[in-house]
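**Student:** Next up is a structure, given as structure tokens.
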Amino acid sequence: MQDLEHLPALVAWCAFGLAVVFGAVANRVNFCTMGAITDIVAMGDWRRMRMWLLAIAVAIAGATWLEAAGFVDLGKSIYTTPQVAWLSHLVGGFLFGFGMTLASGCGSKLLIRAGAGNLKSVITLIVLAIAAYMTLKGLFAVWRVNTLDTLRLDTTALGAKRSDLGTVVTALSGGGSLKVALSLAVAAAVAVFALASRDFRASREMLAGGLVIGAIIVAGWYVTGHLGHVAEDPRTLEEAFVGTNSGKPESYSFVAPVAYLLELFLLWSDQSRIVTFGIAGVLGMAVGSAAMALATRTFRWEGFVSTEDLVNHIGGGVLMGFGGVCALGCTIGQGLTGISTLAIGSFLALGAIVAGCVTALKYQYWRAA
């Protein structure tokens, strides 16, 4: 029982330490999904997208190894449930992608910028947190549950107990398990595409950024799915994943955890509230970015330049908070963590996020014309 009492703190400190590295590296290499998409649409430059894809390849390969080695059961995560809320993923992902473009960055990028002195990002994060909390437990949650979440794809009807690609393909093929082989094949294909560019391979910073960030996602799975795993909690006699808000194995995501951080601040005197993996990750990301900004002398205060700028960021924060919860994650939560499980819902959400971002960019270019 004594060890169990200290386990939540261990999970939180591991999450914080890894996130500090995440924030510092992401700041240094300018890791940003929205920025990567913008580079392609505006200039045809794929280098930042290749960095993100390399991180995805590492995350998929690492998560596959963790599960194959018996360290983590990804089937117990929120991503691979057999009930796929496909409409929530599509609508939520699209709104998140549109919103992050209005707000000049996704949840992780806002934390990176906030750590580097960007006050616009601080305000946007507060708005995002409020909207996300309302979507988790408030007014928006009623709308979400009664509309978007009612339409689901049940993979058990296909003979698959999980909604990850490997399990579904195995069920449909009727043969032996193809999960590990398929996962590694996808990881290899993505890595080959990412490394196919000579310009990208020449950028040591981007190569290192993709490798490190992908590895951090894998480490997050290990922390919550193995270090924080209790086969039988003596208090409940049930399996438990200690120190996570979902009560399941997790890795990094930056929408719902921002809302839970706000909740912790608001209910600080409630002794039942603890610093979870997600909350520690949010704090660590900002601290790591601040450390890198100070070390490289790029820290500077920045505020809104106009009323329109303020409105765009507030609107973007609302869309990201609502959309991110509906989609079960952001460009990190679904685009890296969710995709590392090859969950069908993660592919839907990621595609919708990219579509929303591209649509918002086209809208902004039209407005500026």
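**Student:** What are the residues whose amide H is under 5 Å from the amide H of D233, where those residues sit 5 or more places off or on another chain and H is modelled from the backbone?
**Tutor:** Here E238, E239, A240 satisfy the definition.
**Student:** Once phi is turned into θ = phi - 60°, what whole-Hz ³J(HN,Hα) does the Karplus curve with 6.51, -1.76 and 1.60 give for every residue of segment 315-324, x standing for Gly and Pro?
**Tutor:** Whole-Hz 3J(HN,Hα) from phi for segment 315-324: x, x, x, 5, 5, 5, x, 5, x, x.
**Student:** For segment 220-243 and segment 301-361, write down the distance between their C-alpha centroids in whole Å.
**Tutor:** Using only Cα atoms to place each centre, the spacing works out to 30 Å.
**Student:** Quick check: from the Cα gyration tensor, does segment 257-310 come out rounded (a/c under 1.5), prolate or oblate? Spell out each step's value before the answer.
**Tutor:** Values: a/c = 3.30, a/b = 1.52, b/c = 2.17.
Oblate is the answer for segment 257-310, as a/c is 1.5 or above yet b/c matches or exceeds a/b.
**Student:** Please give the calculated 222 nm ellipticity per residue for the chain, where each DSSP H segment of at least 4 residues contributes -39500 (n - 2.57) and the sum is spread over every residue; nearest 500 deg cm²/dmol?
**Tutor:** Numbers: 15 runs with 239 residues, N = 369.
Result for the chain: -21500 deg cm²/dmol, rounded to the nearest 500.
**Student:** How many Å³ per residue does the convex hull of the Cα positions in segment 26-115 occupy?
**Tutor:** Numbers: hull volume 12.1 nm³, N = 90.
Per residue, the Cα convex hull of segment 26-115 comes to 134 Å³.
**Student:** Let me know the shape class of segment 225-291, please: from the alpha-carbon gyration tensor, a ≥ b ≥ c as square roots of the eigenvalues, rounded when a/c is under 1.5, otherwise prolate if a/b is greater than b/c, or oblate. Don't jump to the answer; show the numbers that get you there.
**Tutor:** Details: a/c = 2.58, a/b = 1.52, b/c = 1.70.
It is oblate, given that a/c is not under 1.5 and a/b is not larger than b/c.
**Student:** How about K109: which lysines have a C-alpha closer than 26 Å to its C-alpha, ignoring those fewer than 8 places off in the same chain?
**Tutor:** Once the sequence-local lysines are set aside, what remains near K109 is K120, K137, K248, K362.
**Student:** Let me know the shape class of segment 142-190, please: from the alpha-carbon gyration tensor, a ≥ b ≥ c as square roots of the eigenvalues, rounded when a/c is under 1.5, otherwise prolate if a/b is greater than b/c, or oblate. Don't skip to the answer; put the middle values down first.
**Tutor:** On the way: a/c = 4.82, a/b = 1.85, b/c = 2.61.
Since a/c reaches 1.5 but b/c is at least a/b, the shape of segment 142-190 is classed as oblate.
**Student:** Cα centroids of segment 69-123 and segment 124-172: how far apart, whole angstrom?
**Tutor:** Each part's Cα centre sits 13 Å from the other's.
**Student:** Would you mind counting up the charge near I332? Only other residues with Cβ under 15 Å from its Cβ, with Lys and Arg at +1 and Asp and Glu at -1. Write out the running numbers ahead of the final one.
**Tutor:** Values: positive: R48, K109, R113; negative: E250.
Within the 15 Å Cβ shell, the charges total +2.
**Student:** Determine the sum of side-chain charges near F322: Lys and Arg each +1, Asp and Glu each -1, restricted to other residues whose C-beta is under 14 angstrom from that of F322.
**Tutor:** Working: positive: K137, R144; negative: D149.
Once positives and negatives cancel, what remains is +1.
**Student:** Accessible area of Y133, 1.4 Å probe, to the nearest 10 Å²?
**Tutor:** 70
**Student:** Same structure, new question: Grab the other residues whose beta carbon is less than 11 angstrom from that of V122, score K and R as +1, D and E as -1, and report the net.
**Tutor:** That sum, taken over residues with Cβ under 11 Å, equals +1.
**Student:** Okay, next question. Leaving ligands and nucleic acids out of the surface, order F193, F241 by accessible area at 1.4 Å, largest first.
**Tutor:** F193, F241
The values are calculated or read from the model by the stated rules, or taken from the named source; none is laboratory data. Only a predicted model underlies this, so the values are computations on that prediction, with no experimental measurement involved. We place every Cβ from the backbone using ideal geometry, glycine too, and count neighbours over all the protein chains shown. These accessible areas exclude ligands, DNA and RNA; they are computed on the full protein's heavy atoms, side chains included. Shrake-Rupley method; radii C 1.70, N 1.55, O 1.52, S 1.80 Å.
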